[in-house]
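Each value in this text was obtained by applying a stated rule to the coordinates, not by laboratory testing. All values derive from a computational prediction rather than experimental measurement. In this analysis, Cβ positions are derived from the backbone assuming ideal geometry, glycine residues included, and neighbour counts consider all displayed protein chains.
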């Protein structure tokens, strides 16, 4: 039940990137601590798109394959009905708050 946080998708900017890079971290955890299995959870994303599919499913998988370690990434919510229903409920509540506030402010 040990975990750590690594960062993916380094931007091409003059500013320093947040670290550690997930690929470097994978190598370090394998070489320095003997980790043999890796679970990649891109918590900043809710859908499988280029940054998830390429950075994780390709680049990180290449690293784990080179190390002969296990790679796993859980499915993203994407358009699953439970996820969409949750988003719809949150948006509906927020819209109602705005409408109710507007009605009070305008005495309608």
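State whether one or more residues within segment 70-81 are more than 15 Å from residue 45 (Cβ to Cβ) and free of Cβ contacts under 8 Å to residues at least 24 places away in the same chain. Taking every residue of segment 70-81 in turn, at least one turns out to be more than 15 Å from residue 45 (Cβ to Cβ) and free of Cβ contacts under 8 Å to residues at least 24 places away in the same chain.
Name every residue in segment 59-84 that is surrounded by 10 or more Cβ atoms within 10 Å (Cβ to Cβ) and part of a helix (DSSP H, G or I), in order of residue number. Within segment 59-84, 59, 60, 61, 62, 63, 64, 65, 66, 67, 83, 84 meet the criteria.
Screening residue 18 on (1) in contact with a strand residue (DSSP E or B) (Cβ under 6 Å, 6 or more places away or on another chain); (2) in contact (Cβ under 8 Å) with a residue 24 or more places away in the chain shows it passes everything except condition (2). Surrounded by 10 or more Cβ atoms within 10 Å (Cβ to Cβ) and assigned to a helix (DSSP H, G or I): does that describe residue 35? In short, no.
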